[in-house]
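The values are calculated or read from the model by the stated rules, or taken from the named source; none is laboratory data. Keep in mind it's a predicted model, so treat the numbers as computed, not measured. Heads up, the Cβs are rebuilt from the backbone with ideal geometry, glycines too, and the neighbour counts pull from every protein chain shown.
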Amino acid sequence: MYKRQSGFTLIELVVVIVILGILAATALPRFIGITTDARMAKMNGIAGAMGSAASLAHAAQLVANAASNASISMEGATVTMSNGYPTDNNTTGIQVAANISTTDYIITQSSGPYWVTPDTGHPNCKVIYTAATTTAPPVVDKSAVNATNGPGNCA
């Protein structure tokens, strides 16, 4: 009598492992690209939020017929203004106007421009808000995010 065995042969198992290895090798680079794209999208989003918040704060100040350095209220929070736009102060200016969360972004403020980075691992992937002057509106610079050769500093 022959005893019938069930299961897979060694060759079938090796073929399955090779196929899984090939699939993993093609999926991993795509996953790495997705995280970089997500980081870039996050920073482009905050750049848009800063630009919109500055414009809305400027409009609110004009509608209130307030002086160019008078603080305004946006959604119950006081926003410090300078030259008709939010200041680059990280506690009372653009951060309040754009409602930027310190748990979602790393905020860097020395004296001067306001910097936002996505996390501690990517300090050069940043959006910079420079306050308005008497002759120019504020500038939201996201050139470090959207470098001409690929993902720039966000990879």
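Observations on the model:
- Among (1) buried (at least 17 other Cβ atoms within 10 Å of the Cβ); (2) closer than 30 Å to Thr36 by Cβ; (3) β-branched (Val, Ile, Thr) - the single one Thr120 does not satisfy: (1)
- Pro86 passes every criterion in (1) in contact with a His (Cβ under 9 Å, 6 or more places away or on another chain); (2) within 30 Å of Ala155 (Cβ to Cβ) apart from (2).
- Looking across region 112-127, not a single residue is of a type in the set (A, V, I, L, M) and in contact with a Gly (Cβ under 8 Å, 6 or more places away or on another chain).
- For Cys154, the test of being crowded, with 20+ Cβ neighbours inside 10 Å, touching a residue at least 60 places away in the same chain (Cβ under 8 Å), out of contact with any strand residue (DSSP E or B) (no Cβ under 8 Å at 6 or more places or on another chain) and under 30 Å from Ile34 (Cβ atoms) is passed.
- Residues in region 73-99 that are acidic (Asp, Glu) and touching a Pro at 6+ places or on another chain (Cβ under 8 Å): Asp88 only.
- Within region 54-91, being of a type in the set (Gly, Ala, Ser) and closer than 13 Å to Pro137 by Cβ holds for Ala54, Ser55, Ala57, Ala59, Ser68, Ser82, Gly84.
- Scan region 52-76 for residues that are within 11 Å of Val96 (Cα to Cα), loosely packed, with under 12 Cβ neighbours inside 10 Å and not small (Gly, Ala, Ser) and the total you get is 1.
- The single condition among (1) farther than 24 Å from Thr36 by Cα; (2) of a type in the set (Gly, Ala, Ser); (3) touching a Ser or Thr at 6+ places or on another chain (Cβ under 9 Å) that Ser73 does not satisfy is (3).
- The criterion of being under 21 Å from Gly48 (Cβ atoms), among the aliphatic types (A, V, I, L, M) and modelled with pLDDT under 85 does not hold for Ala136.
- Checked against (1) in a helix (DSSP H, G or I); (2) closer than 26 Å to Val116 by Cβ; (3) of a type outside the set (Ser, Thr, Tyr), Ala24 passes all but a single condition, namely (2).
- Only one of Ser6, Ser73 that is of a type outside the set (Val, Ile, Thr) and more than 27 Å from the chain's Cα centre (by Cα): Ser6
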